[in-house]
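The values are calculated or read from the model by the stated rules, or taken from the named source; none is laboratory data. These numbers were taken from a predicted model, which means no experiment stands behind them. No Cβ is skipped: glycine too gets one built from the backbone with ideal geometry, and neighbour counts run over all protein chains shown.
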Amino acid sequence: MSLQVFDAGVDAVELHSALRDQGAAVVEHLVSMELLEAVKQELRPHFDAEGHRFQNDFNGYSTLRLGRILALSRSAAELIAHPRVLEVADAILRPHCESYRIGSCTAIEIHPGEAAQALHRDDDIYPIRIPGVEFQFSAMWALDDFTEENGATRVVPASQGQDEQPEYDQGDTLAAVMSAGSVLFYLGSVVHGGGANRGDRPRTGLINTYSLGWLRQEENHYLAIPREVADSYPEPVRRLMGYQAHGSYLGVYPDDPDDLWYDA
Ligand SMILES: O=C(O)CCC(=O)C(=O)O
Ligand SMILES: [Fe+2]
């Protein structure tokens with residue numbers, strides 16, 4: 001068995017239905033090598049300078065990580081706000097909210113010798129679950145080819161939507177094998193983890209999560225991204241960062257065009 005892999009032209013309904021069934025799916029070759037190279041080059045000095053700061057038992061000690069991606073890589077905005085990703089986010093999240101936001105953006109470089117990450121659910125950051133409601137979903141971009149050997153993300157298929165996380169082990173997982181420029185979509189309630197890197201080169205990916213607009217964002221984008229940098233992005237990216245209210249009453253601010261507080 002393997003995860004369902006679609007080409008870039010996949011029909012949105014088909015993709016959404018695969019995600020509903022398996023909790024995860026890969027879409028191949030969505031972006032150009034030039035864009036990937038730009039993102040990698042922009043992140044490189046930051047990986048080298050501060051990637052080790054995120055090392056701990058969960059993230060591993062042979063893995064470099066970066067947060068506050070939109071402050072470090074302008075090109076990454078094209079992955080974060082990619083129309084194909086937002087189409088999927090719309091299908092999964094919009095039934096449960098009026099607008100959604102980035103939860104977190106994390107670049108992850110798993111180095112040779114790293115063990116498999118503990119299997120987990122990204123949405124366990126939230127203390128409750130609501131049956132039938134996905135709180136978030138994730139898009140893991142392969143910045144390098146992802147292989148069985150080099151630590152491709154491991155996913156437990158059809159593990160989504162459960163109240164408690166059952167005991168799974170690595171034998172229950174499938175590797176999201178995909179070429180650079182492809183993306184793995186998975187639901188926030190799907191059990192998964194970074195793979196062990198048994199190869200001889202690092203594996204780099206960028207995971208962007210998107211969460212319901214009435215939830216707190218995992219990464220505090222107002223503090224993580226300097227205001228002038230946030231303001232320099234186009235409006236759809238600023239909105240994803242959180243510079244918008246949810247509907248008319250949550251997170252309102254004076255210049256919000258949709259706000260109903262300040263209009264009286
Ligand atoms: O690096 C990966 O493939 C997955 C990492 C992950 O799932 C996480 O840190 O939450
Ligand atoms: Fe995760």
Exercise for the section: Would you mind telling me which numbered condition in (1) away from ligand 1 (no atom under 11 Å from the Cβ); (2) more than 23 Å from His16 (Cβ to Cβ); (3) surrounded by 18 or more Cβ atoms within 10 Å (Cβ to Cβ); (4) not acidic (Asp, Glu) Gly181 fails? Expected result: (2)
Problem - Options Asp144, Asp123: the member that is within 13 Å of ligand 1 (Cβ to nearest atom), touching a residue at least 24 places away in the same chain (Cβ under 8 Å), in contact with a Ser or Thr (Cβ under 9 Å, 6 or more places away or on another chain) and in a helix (DSSP H, G or I) - result: Asp123
Practice task
Would you check if Arg74 is of a type in the set (D, E, K, R), farther than 26 Å from His46 by Cβ and at pLDDT 95 or above?
Solution key: no
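Yes/no matrix, rows are residues, columns are (1) within 16 Å of ligand 1 (Cβ to nearest atom); (2) aliphatic (A, V, I, L, M):
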site	(1), (2)
Ser32	no, no
Ala38	no, yes
Leu43	yes, yes
Gly51	yes, no
Gly60	yes, no
Ala81	no, yes
Arg84	no, no
Cys105	yes, no
Practice task
Check region 192-210 and report whether any residue there is touching a residue at least 12 places away in the same chain (Cβ under 8 Å), within 21 Å of Asp90 (Cα to Cα) and part of a loop (DSSP other than H, G, I, E, B).
Solution key: no
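Within 11 Å of ligand 1 (Cβ to nearest atom) and either in contact with a Pro (Cβ under 9 Å, 6 or more places away or on another chain) or in a loop (DSSP other than H, G, I, E, B) (or both), is that true of Ala158? Step through it out loud before you land on a result.
Numbers: within 11 Å of ligand 1 (Cβ to nearest atom): no; either in contact with a Pro (Cβ under 9 Å, 6 or more places away or on another chain) or in a loop (DSSP other than H, G, I, E, B) (or both): yes.
No, not satisfied.
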Handout entry: Check on Glu167, part of a loop (DSSP other than H, G, I, E, B) and either away from ligand 2 (no atom under 15 Å from the Cβ) or surrounded by fewer than 21 Cβ atoms within 10 Å (Cβ to Cβ) (or both)
Key = yes
Exercise for the section: Please tell me if Arg238 is under 21 Å from Cys97 (Cβ atoms), without any contact (Cβ under 8 Å) to a residue 24 or more places away in the chain and in a loop (DSSP other than H, G, I, E, B). Expected result: no
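Just to be sure I understand, how many residues within region 126-141 are assigned to a strand (DSSP E or B) and within 24 Å of Leu30 (Cβ to Cβ)?
Keep residues of region 126-141 that are assigned to a strand (DSSP E or B), which gives 130, 133, 136-141.
After this cut, where a residue has to be within 24 Å of Leu30 (Cβ to Cβ) as well, the list is 136-141.
Within region 126-141, residues that are assigned to a strand (DSSP E or B) and within 24 Å of Leu30 (Cβ to Cβ) number 6.
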Practice task
Take the residues in region 201-244 that are surrounded by fewer than 18 Cβ atoms within 10 Å (Cβ to Cβ) and of a type in the set (S, T, N, Q), then tell me which one is nearest to ligand 1 (Cβ to nearest atom).
Solution key: Asn220
Problem - All positions within region 1-18 that are closer than 11 Å to Ala91 by Cβ and under 18 Å from the mean Cα position of the chain (by Cα) - result: Leu15, His16
Handout entry: Residue satisfying condition, being touching a helix residue (DSSP H, G or I) at 6+ places or on another chain (Cβ under 6 Å), within 17 Å of Ala180 (Cβ to Cβ) and not basic (Lys, Arg), within set Ala76, Ala12
Key = Ala76
Handout entry: Scan of region 1-23 for residues that are under 18 Å from His82 (Cα atoms) and either acidic (Asp, Glu) or touching a His at 6+ places or on another chain (Cβ under 7 Å) (or both), ordered by number
Key = Asp7, Ala8, Asp11
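Could you check how many residues of region 36-53 are among the hydrophobic types (A, V, I, L, M, F, W, C) and crowded, with 17+ Cβ neighbours inside 10 Å? Working first, answer last.
To start, the set of residues in region 36-53 that are among the hydrophobic types (A, V, I, L, M, F, W, C) comprises 36, 38-39, 43, 47, 49.
Filter once more, keeping what is crowded, with 17+ Cβ neighbours inside 10 Å: 36, 39, 43, 47.
Of the residues in region 36-53, 4 are among the hydrophobic types (A, V, I, L, M, F, W, C) and crowded, with 17+ Cβ neighbours inside 10 Å.
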Problem - Unique match (being touching a Ser or Thr at 6+ places or on another chain (Cβ under 9 Å), away from ligand 2 (no atom under 16 Å from the Cβ) and hydrophobic (A, V, I, L, M, F, W, C)) among Val155, Val190, Val229, Val177 - result: Val177
